[in-house]
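Quick notes on the structure that follows.
Every read-out reported here was derived from the displayed coordinates using simple, explicitly stated rules and does not represent laboratory data. Computed from a prediction, not measured in an experiment: that's the story for all the values here. Cβ placement follows ideal geometry from the backbone for every residue including glycine, while neighbour counts extend to all protein chains displayed.
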Amino acid sequence: MADEHRDLDPRDRGMAPEPAVERAAPPCCPYAAPQIRPAPAVELRAAAGAAPGDIAIIEGVEIAQVVQSLDNDVPLIAGKTTIVRIYVDPQSFTAPAIVTGEIAWRRGTGGWSFLPAMNRVDVGPAVASDLHDRRHDAAASLNFKLPADAVREGDLSIRLNRLMVPGGADVPFDGLGPTADLPGVETALTVSFRGAPVLRIRAVGLRYHSVRDATVITPDATHFAHLRSFLVRTYPTAEVEWSQIVVDGDNLVPQVAGGFPAFQSNLVNAQLLAIRAREVASGRDPRTHYYGLVDFEGGSSFMRGAAIYDEMTEVFGPVACGPCGVPSFWVWDTDPTFADWYGCHELSHTFQRRHPGFPPANQPPDPLEKTWPYPGGFITDNSVAEQRKHHVGFDVGDPDLGLPMAALPGSVWHDVMTYADRQWMSAYTFNAILDQLLHEDAVLAPQIS
Ligand SMILES: [Zn+2]
Ligand SMILES: [Zn+2]
């Protein structure tokens, strides 16, 4: 057949394939021919007693949502964004290399699913060996973002399926390996996810007239968006039921001398309480907490925040308010607003959280806060000798707001109930808010007739 045309295949003719050569892309081709560089061979240190051959040591795994220890002792909330952090001992490698990995996960005794790492980590003699230091850097662990199916209520098992040089050889490893039903002897890590109630927040922006030029001061949308995101990232819940409105503030008048009067937040809370009573009477869920935002007019009209508190019953009410604006006073906060952690502090009062008394010069301790566990108001007890028990904060970030994922050292970050810089949610506050959410969910649920 003269018109039959087939591309030549070297195997048809018993020829060795031609070596790949670098060549210019033809003009019609949108891609240049790739230049493949073989992945470097990884040299591992021989581990004492390890057989057969050399292995990389897996030092630990942390299942991070908000704050966690290497013992994974902070409850995991079903449905919440969850990052598995796996620590590979960089000193297992005798030369610099980059490794990545793949985990296998399963629910109960179901089938295994496979998940690639989000990143790659540097290993080798030059990489800091201290595991505790590497926990403080989100880029120093192999990170895996669990899919929704993996974080449902119940048990989840995780093992490391592969450790490898990207595009190169698999690296043998020890720790977190295959389970008994698969080749190998190591066991998988099993953790449990629990359900948590919905957090219901009604955010109310309050307008007022500037005392200087009578312009109307209204909180920008960014303050609402960042507060909502901060609550999603820090609170022990998978779901924030959020709504927001802006209303004229009653009796919201800044002083000519600057700032609002000291009692201003009480007036705002009274207005919020009235709005809430009206809305709950017309059908809004009674488990809804209200938070008022008052823009601080670039710093000239600052309103100190507060939550409603009943001295007789020693119980906080479901209403609080606070200032919002660009965090020029708080340089540690590099995002566009301080409404995020400030609002989290005030709203956490409405979940019965109290001041632990840090820093001592600025915040008197609440005498009813009797079980505060962390010296210095940090998010962990840094005096505990065994560092794997130290809690490290973990911010999963928010791509919608340009907020990166970050690990937050417990020796630097303070609990949201302090007045200290660098505020994040500690395990103590996280657990207490979870208890209160569960309590309100049971006691305040709307009657079903
Ligand atoms: Zn902020
Ligand atoms: Zn407070």
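For the chain, the alpha carbon positions stretch 92, 60, 53 Å along the principal axes, listed from largest to smallest. When the P(r) is computed for the stretch 307-399, the part past 20 Å accounts for 53% of the Cα-Cα pairs. Taking a Cβ cut-off of under 13 Å around GLY154, the surrounding Lys, Arg, Asp and Glu residues balance to a net charge of +1, with basic ones at +1 and acidic ones at -1. When you restrict to C-alpha pairs under 8 Å that are six or more residues apart and normalise by the size of the chain, the relative contact order lands at 14 percent.
Note on SER243 and ALA385: the model spin-label points, each 7 Å out from Cα along the C-beta direction, lie 5.6 nm apart. Computed over the alpha-carbon pairs of the stretch 56-194, the distance histogram in 10 Å steps reads 12, 45, 34, 9, 0 percent, short to long. For the stretch 56-194, the relative contact order comes to 28 percent (Cα pairs under 8 Å, sequence separation of at least 6). Here the stretch 138-180 is scanned for amide nitrogen atoms under 13 Å from the site 7 Å beyond the Cα of ILE98 along Cα-to-Cβ, giving 165-168.
Think of the chain as having a plus end and a minus end, set by charges on the Cβ of Lys, Arg, Asp and Glu; of PRO356, TYR374, ALA95, PRO356 sits farthest toward the positive end of this dipole. Beta bridges assigned by DSSP with both partners in the stretch 56-194 are antiparallel in approximately 90 percent of cases.
When the chain is treated as a Gaussian network with alpha carbon springs shorter than 10 Å, the biggest mean-square fluctuation among GLU62, GLU102, GLU311 belongs to GLU311. Other residues with beta-carbon under 12 Å from the beta-carbon of GLN65 carry, at +1 per Lys or Arg and -1 per Asp or Glu, a net charge of +3.
Between ALA126, ILE275, ALA306, the Cα set farthest toward the positive side of the dipole of the chain (charges on each charged residue's Cβ, about the Cα centre) is that of ILE275.
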